[in-house]
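Report on the structure given below.
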């Protein structure tokens, strides 16, 4: 078991980020682009399913915190399932809308189509990484956006399945800010498909409850402890490490933080003023309507105080008489 745990710790991120992305790239570059088999786009679905299965398995073998794996105790399985379905559906619709966007914004000559496809994907990902980081930063600073983004931060744990947990409206805003500029200047559909797959894999790895060891890249990728610090519920201390994958943008803009003020425990995640964050998908969808940052927990979510026991009532009577 120690050997298997070590293999997971050192091989998980590499397999997910490079192995599965390489498989997706081969499907698109060889089957779709080179051979014209557009049906091969459907193979992204089983590849994504493999990613979730691998993440779930790795979390059991080499977790950061064992109790983050207690899905029944957290009671958010159904909501997480719907978040995954909605996220991937919206991502697919975004790709399908690319021809329409290209028709509306005919600036196709700006995209470096002469580059090899892997170079186009790499360029697109680096630009998207910056776009997501910038929107992420703004979402923590601008209250209307934070009310939407807070849906992602409300959960009290991190694991691969909630990497794509976000409010649908905030996902649309993210896609517009980070990906639409690429589409407007001519990003082809095949590149967009691989980019979308890579972003999904990155979100899964970034939020996985896997004690991944990244070697010399540990300080340069927003994975593991670095992203845990972003999710802590210690007031504004989590307003750091906004990058999707790379920490370079946070370093440039002064928002990178590597060391927390104290050790992070399994109970230190969530929103400090909303300790009873809703567990159901519908309530999480409605959450931005009722949540007002800085005003405390909405009455809708506050749990009533437990009734006093007979012994406590007797004690209260005695205290009042004294």
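Looking at segment 223-262, which of its residues are in contact with a strand residue (DSSP E or B) (Cβ under 7 Å, 6 or more places away or on another chain) and under 20 Å from residue 275 (Cα atoms)? Once the filter is applied, which keeps residues that are in contact with a strand residue (DSSP E or B) (Cβ under 7 Å, 6 or more places away or on another chain) and under 20 Å from residue 275 (Cα atoms), segment 223-262 yields 231, 232, 233, 238. Against the list (1) more than 20 Å from the chain's Cα centre (by Cα); (2) crowded, with 16+ Cβ neighbours inside 10 Å, the condition residue 215 fails is (2).
Where in segment 161-215 are there helices (runs of 4 or more DSSP H), lying fully within it, with 1 or more residues that are in contact with a strand residue (DSSP E or B) (Cβ under 9 Å, 6 or more places away or on another chain) and within 18 Å of residue 245 (Cβ to Cβ)? Once the helices (runs of 4 or more DSSP H) in segment 161-215 are filtered for at least 1 residues that are in contact with a strand residue (DSSP E or B) (Cβ under 9 Å, 6 or more places away or on another chain) and within 18 Å of residue 245 (Cβ to Cβ), what remains is 189-207. Residue 36 fulfils the conditions (1) closer than 27 Å to residue 226 by Cα; (2) in a loop (DSSP other than H, G, I, E, B) except for a single criterion, (1). So for segment 271-278 (the condition being within 21 Å of residue 145 (Cβ to Cβ), surrounded by 13 or more Cβ atoms within 10 Å (Cβ to Cβ) and under 15 Å from the mean Cα position of the chain (by Cα)), does at least one residue qualify? Checking segment 271-278: not a single residue is within 21 Å of residue 145 (Cβ to Cβ), surrounded by 13 or more Cβ atoms within 10 Å (Cβ to Cβ) and under 15 Å from the mean Cα position of the chain (by Cα).
Going through (1) modelled with pLDDT of 90 or more; (2) not in a helix (DSSP H, G or I) one by one, residue 282 falls short only on (2).
Does residue 109 satisfy the criteria of being modelled with pLDDT under 90, over 19 Å from residue 191 (Cα atoms) and outside any loop (DSSP other than H, G, I, E, B)? Against the criterion (modelled with pLDDT under 90, over 19 Å from residue 191 (Cα atoms) and outside any loop (DSSP other than H, G, I, E, B)), residue 109 does not qualify. Among residues of segment 115-129 that are without any contact (Cβ under 8 Å) to a residue 60 or more places away in the chain, those with a beta-carbon under 7 Å from a residue that is in a helix (DSSP H, G or I) at least six positions away or on a different chain give the pairs 127/182. Find the residue count for segment 60-88, including only residues that are closer than 30 Å to residue 183 by Cβ and either touching a helix residue (DSSP H, G or I) at 6+ places or on another chain (Cβ under 9 Å) or in contact (Cβ under 8 Å) with a residue 12 or more places away in the chain (or both). Final tally of qualifying residues: 8.
When 131, 156 are checked against the criterion of being touching a strand residue (DSSP E or B) at 6+ places or on another chain (Cβ under 6 Å) and either under 30 Å from residue 292 (Cα atoms) or part of a helix (DSSP H, G or I) (or both), a single residue qualifies: 156. For segment 216-232, taking the residues that are assigned to a loop (DSSP other than H, G, I, E, B) and in contact (Cβ under 8 Å) with a residue 40 or more places away in the chain, the one that is farthest from residue 265 (Cα to Cα) is identified as 223. When residue 144 is tested against the conditions (1) surrounded by fewer than 20 Cβ atoms within 10 Å (Cβ to Cβ); (2) over 30 Å from residue 279 (Cβ atoms), the lone failure is (2).
Residues checked against (1) at pLDDT 90 or above; (2) surrounded by fewer than 23 Cβ atoms within 10 Å (Cβ to Cβ):
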residue	(1), (2)
159	yes, no
163	no, no
171	yes, yes
184	no, yes
190	yes, yes
197	yes, no
209	yes, no
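At least 2 residues being surrounded by 15 or more Cβ atoms within 10 Å (Cβ to Cβ) is the threshold, and among the helices (runs of 4 or more DSSP H) wholly inside segment 54-104 those reaching it are 77-96, 98-104. Being under 30 Å from residue 70 (Cβ atoms) and touching a helix residue (DSSP H, G or I) at 6+ places or on another chain (Cβ under 7 Å), is that true of even one residue in segment 175-196? Within segment 175-196 (the criterion being under 30 Å from residue 70 (Cβ atoms) and touching a helix residue (DSSP H, G or I) at 6+ places or on another chain (Cβ under 7 Å)), the answer is no, since none of the residues qualifies. For segment 213-227, the condition of being at pLDDT 90 or above and within 30 Å of residue 101 (Cα to Cα) holds for none of the residues.
The values are calculated or read from the model by the stated rules, or taken from the named source; none is laboratory data. In this text the structure is predicted, and so the values were computed from the model without any measurement. Glycine also receives a Cβ, built like all others from the backbone with ideal geometry; neighbour counts cover every protein chain displayed.
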